[in-house]
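Beneath this line is the structure, given in structure tokens, with notes to follow.
The values are calculated or read from the model by the stated rules, or taken from the named source; none is laboratory data. What you are looking at is a predicted structure, and each value in this text was computed from that prediction instead of being measured. Using ideal geometry, Cβ is built from the backbone for each residue, glycine included, and neighbour counts are taken over all protein chains shown. These area figures cover heavy atoms from the full protein model, side chains too; ligands, DNA and RNA do not enter into them. Shrake-Rupley method; radii C 1.70, N 1.55, O 1.52, S 1.80 Å.
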Amino acid sequence: MSVYGPVVKIHPVVLASIGDSYERRNEGASRVIGTLLGTVDKHSVEVTNCFSVPHNESEDEVAVDMEFAKNMYELHKRVSPSEVIVGWYATGFEITEHSVLIHEYYSREATNPIHLTMDCALQSGKMNIRAYVSAPMGVPGKTVGVMFTPLSVKYKYYDTERIGVELLQRTRDAPNASSGLTSDLCQVGKAASRVQDMLATVLTYIEDVLSGKQGADNSVGRYLMDLVNKVPKISAEDFETMLNSNINDLLMVTYLANLTQAQIALNEKIVVL
């Protein structure tokens, strides 16, 4: 946990990209480094993307391809102009003297850049993911050093990323460590089952509080009140009519898309003939 500083929110695609870069590293390389991209606000740094940067390091020196990093960032801005450089990452769990030199470069590219470490080799038995921010340390007028202070790390994902994360989780229990994608209908069914389970948990909690089996929690009550206020007041008949109408619209769009695809395929065959 951090003593001070922003909260670092990391998306799963960033962790997957770092792991892929580590597996594809050059022979003999002990670690890989790269640039972190995302957005920054007053209280948090959200890391949404990254790319690896070629580098060579030995016990005496480190060389980083700064020109490659600049070109990659310029190309990335054309695709995602809202994402800026927020820091850099390195595989492993240690901060070395070379890390200080690399951090100095990123300090010129971003304000208060973060340094993310990820133990892809699982040296401690698990993939430790830590984030740091640097602060100057020393006596004024004398030699000044750098101190890396840990930050709080949280994981955030979009709905599209959640599908990939859930798919990876299912592979842990698969006999051959592989799993295929499920259909859209199965996804809807599983989502409905999760909602039903959560509602059952909420009802059990409310019944226990009303019967005196469990003490009331004000924070939970506020969350429940906010949830109830967000539910639209609509009758069951109106909801069923609205749902059937939306389903009919979806089926019509699907039918037109399939019809268009068939017409294109038929036109291609006629042109060939």
Express the carbon and sulfur contribution to the solvent-accessible surface of the chain as a percent, rounded to the nearest whole number, probe 1.4 angstrom. 58
The answer for Gly87, listing residues at least 5 apart or on another chain whose modeled amide H is closer than 5 Å to its amide H, is Leu36, Ile114
Using a 1.4 angstrom probe on the protein heavy atoms only, could you order Lys70, Lys233 from most to least accessible area? Lys233, Lys70
Divide by every residue of the chain the summed helix terms, -39500 (n - 2.57) for each DSSP H run of at least 4, and state the resulting mean residue ellipticity at 222 nm, rounded to the nearest 500 deg cm²/dmol. -16000 deg cm²/dmol
Consider just the alpha-carbon atoms of segment 185-251 and return their Rg together with their Dmax, both in angstrom. 16.2, 49
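Counting only GluC sites (Glu not before Pro) that sit in a DSSP loop (anything but H, G, I, E, B) with at most 11 other Cβ atoms within 10 Å, what is the longest stretch of the chain containing none of them?
On the way: sites that count: Glu27, Glu59, Glu61, Glu94.
After excluding every exposed loop site, the longest remaining stretch is 95-273.
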Can you list residues from other chains, or at least 5 along the same chain, whose modelled amide H is less than 5 Å from the amide H of Ile10? Val47, Lys154, Tyr155, Lys156
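Could you tell me what percent of the DSSP beta bridges with both partners in segment 74-131 are antiparallel, to the nearest 5?
Working: 3 of 8 bridges.
So the antiparallel bridges in segment 74-131 amount to around 40 percent.
Rounded to the nearest 5, what % of the DSSP beta bridges within the chain are antiparallel ones? Don't skip to the answer; put the middle values down first.
Working: 30 of 42 bridges.
Of the beta bridges lying entirely in the chain, close to 70 percent run antiparallel.
Given 0.36 nm per residue, what is the gain on full extension from Lys213 to Asp197 after removing their alpha carbon distance, in nm? Could the numbers behind the result be given before it?
On the way: separation 16, 0.36 × 16 = 5.76 nm, distance 2.08 nm.
Stretched fully, the Lys213-Asp197 segment lengthens by 3.7 nm.
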With every protein chain kept in place and a 1.4 Å probe, the chain has an accessible area per residue in Å² of 71
Please work out which option in (i) 18.7; (ii) 20.3; (iii) 23.6 gives Kirkwood radius over Cα pairs in Å calculated from these coordinates, and answer with its label. (iii)
